[in-house]
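The block underneath contains the structure these notes are about, expressed in structure tokens.
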Amino acid sequence: MEQRERYMIWQGEVVKEHPAEGVYLSQEMLSLNHVLYAAEAHLALLNRSAEALFGIVLPLSASELRQMVATLLQHNNPSRRGSVRITLTLNANAEYSIRNDEASIYDGYVMRSLHPKATYIEIATPIPQHPSSAMAHTRDLADALARCRGFEKGVIAKGENIVADIARPLIALGGRTLLTHPSTCESVEGARIIAAAEALGYTIRTREVTKADLAKAEEVMILDWQGALSLARLEQRVYSHISVERIMGEVEKRLKP
């Protein structure tokens, strides 16, 4: 079967899709029914990191970003029945691109059906407080190392501390309390979860998260553009999913573009 031509946005224009190259910052954004969610928040987070690292900002408004995404989805036409990842990248030369994946099996911002077994991976991390391609590759390497050890997910640690990855926030739950890194509050995904949890009466605590915290936790979730990944276990510690499911249900009720 002949492969369908795919397109991307490059510097505001629709072009044939090509891989991202070099070092860049990125935002993975949620699209449902061809509508982009949280455009303003994603742009603010990208520009904060771009200004801190590259001394630039992306001169793009939220309405312009939404229109470009709509144009891109019209060209590539992924199914409207599932969530679609939209990836916005910006490099040090102030060049930006927008790409989309095919639709996922999930219709919303949800607790995913996968419950992976995870292990700790000790690995150096490049500025995890910024959503960079370098950190994305490090995360992929950690997951690959975990699979080589018979697990499905790598939780990156530095000594006894869990690395705070702003693009993949980790939240530990125990009783009516959520514990997470301070940077989780700055991420789009973390803000969604925290607002929903507070509405349900949970207490939010922010500080460095340690291996000891995760050994005592009842549930652990890792967030991304698509929803929450609730761990089945981490090393020998087995987790449940009751609070994660409840919180994600509240997120779904509150979700707006």
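The values are calculated or read from the model by the stated rules, or taken from the named source; none is laboratory data. Quick caveat, the model's predicted, so the values are computed rather than measured. Please note: Cβ atoms are built from the backbone with ideal geometry, for glycine as well, and neighbour counts cover all protein chains shown. Only protein heavy atoms, including side chains, enter the accessible area calculation; ligands, DNA and RNA are left aside. Shrake-Rupley method; radii C 1.70, N 1.55, O 1.52, S 1.80 Å.
With respect to Leu25, is the statement that it is closer than 22 Å to Ile166 by Cβ, open to solvent by less than 30 Å² (accessible area, probe 1.4 Å), in contact (Cβ under 8 Å) with a residue 12 or more places away in the chain and assigned to a helix (DSSP H, G or I) true?
Working: closer than 22 Å to Ile166 by Cβ: yes; open to solvent by less than 30 Å² (accessible area, probe 1.4 Å): yes; in contact (Cβ under 8 Å) with a residue 12 or more places away in the chain: yes; assigned to a helix (DSSP H, G or I): no.
No, not satisfied.
Of all residues in the stretch 194-243 being in a helix (DSSP H, G or I) and of a type in the set (D, E, K, R), which is nearest to Ala157 (Cα to Cα)? Steps first, answer last, please.
Quick first cut of the stretch 194-243, residues in a helix (DSSP H, G or I) only: 194-199, 211-216, 242-243.
Narrowing the set further to residues that are of a type in the set (D, E, K, R) leaves 198, 211, 213, 216.
Numbers: Glu198: 28, Lys211: 8, Asp213: 13, Lys216: 16 Å.
Across the stretch 194-243, the extreme among qualifying residues is Lys211.
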Inset, instruction - Just need a number here: residues in the stretch 7-22 that are at pLDDT 95 or above, surrounded by 14 or more Cβ atoms within 10 Å (Cβ to Cβ) and assigned to a loop (DSSP other than H, G, I, E, B). - result: 1
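Name the residue that is nearest to the chain's Cα centre (by Cα), counting only residues in the stretch 227-240 that are over 16 Å from Ala196 (Cα atoms) and buried (at least 19 other Cβ atoms within 10 Å of the Cβ). It would help to see each step written out before you state the result.
The initial filter retains those residues of the stretch 227-240 that are over 16 Å from Ala196 (Cα atoms), namely 229-240.
Restricting the remaining residues to those that are buried (at least 19 other Cβ atoms within 10 Å of the Cβ) gives 229-231, 234, 239.
Working: Leu229: 10, Ser230: 14, Leu231: 16, Leu234: 20, Tyr239: 21 Å.
Looking at the filtered set, the residue picked out is Leu229.
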Inset, instruction - Count, please, the residues in the stretch 73-108 that happen to be part of a strand (DSSP E or B), farther than 17 Å from Trp225 by Cβ and among the polar types (S, T, N, Q). - result: 1
Legend entry - Scope the stretch 163-177; condition in a strand (DSSP E or B), free of Cβ contacts under 8 Å to residues at least 60 places away in the same chain and surrounded by 22 or more Cβ atoms within 10 Å (Cβ to Cβ); matching residues: Leu170, Ile171, Ala172
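What's the total number of residues in the stretch 109-135 that are assigned to a helix (DSSP H, G or I) and crowded, with 19+ Cβ neighbours inside 10 Å? Write out each step before concluding.
Let us first name the residues in the stretch 109-135 that are assigned to a helix (DSSP H, G or I), namely 133-135.
Next cut, crowded, with 19+ Cβ neighbours inside 10 Å only: 135.
Qualifying residue count for the region: 1.
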